[in-house]
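Okay, so here's the structure we're looking at.
The values are calculated or read from the model by the stated rules, or taken from the named source; none is laboratory data. What you see is a predicted model, and the numbers here were worked out from it, not measured in a lab. Positions of Cβ are backbone-derived with ideal geometry, glycine not excepted, and every protein chain shown enters the neighbour counts. Surface areas here come from the heavy atoms of the whole protein model, side chains and all, with no ligands, DNA or RNA. Shrake-Rupley method; radii C 1.70, N 1.55, O 1.52, S 1.80 Å.
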Amino acid sequence: MALALGLLGLAGCGEHAPSAIAAAQADRPAAPAGVPAEAAAPARYDGYGDMRFGMDERAFARAWGGELKGAPSPGSSCHYKTPAWAASPPALAFLFEHGRFVRYDVRTVRETAPGGGRIGMDAARLHALYGAAATEQPHKYLAGARMLRVAAPQGAGVLVFELGADGNATVTAWRVGVPPQIDYVEGCG
């Protein structure tokens, strides 16, 4: 159910999403009364929707329920899987290492990170949302760009925002995962 809540927002157009999910909704509904909006979103510190970090690929595929593309290269222990509807670069990608789900990457404004962060937000707004849990560091490759790292309140995972060097330091992408994979700047690099 949680997965269905966000897929169409990520797909950009319903005809690319699995038909059962496309029929379920056109946009993410509002959270129930008294529940923070991010609680209704599929993005979580411990996984995405019904998929939890540590799941093997078979259990992940069952929980996803739709078509996924992507497979490891010969000799590689790390690879991404993306929804079949995903364009390139994908709005949503799931990282697997040694056959286990360890991280997901988001590059769409239609998805909300755990705690409320979004693409396009500036650093000041992120610091207001995440407080002392958010720490900044320079980006490994992009001069002037920064990374903002937020540890899960319960220690279940880590959220990393990439802030561009555009003068406004706005979020260009974000990801959630477990160490050490959350810190792979190159993805599977």
Next item on the list: Could you grab me the full set of residues in the range 77-87 that are within 23 Å of LEU163 (Cβ to Cβ) and surrounded by fewer than 17 Cβ atoms within 10 Å (Cβ to Cβ)?
Entry: none
Notebook entry, point to check: From the list PHE60, PHE94, which one is at pLDDT 90 or above, surrounded by 17 or more Cβ atoms within 10 Å (Cβ to Cβ) and part of a strand (DSSP E or B)?
Noted result: PHE94
Check: Using beta carbons and a limit of 6 Å, which pairs, at least six apart or on different chains, have the first residue in the range 115-136 and under 19 Å from ASP183 (Cβ atoms) and among the aromatic types (Phe, Trp, Tyr) and the second one surrounded by 17 or more Cβ atoms within 10 Å (Cβ to Cβ) and at pLDDT 90 or above?
Finding: TYR130/GLY115; TYR130/VAL150
Notebook entry, point to check: If we only count strands (runs of 3 or more DSSP E) wholly inside the range 102-189, which ones have 3 or more residues that are over 23 Å from PRO42 (Cα atoms) and open to solvent by 40 Å² or more (accessible area, probe 1.4 Å)?
Noted result: 134-138
Check: Which residues, taken from the range 63-91, are part of a strand (DSSP E or B), under 19 Å from TYR184 (Cβ atoms) and over 16 Å from the mean Cα position of the chain (by Cα)?
Finding: CYS78
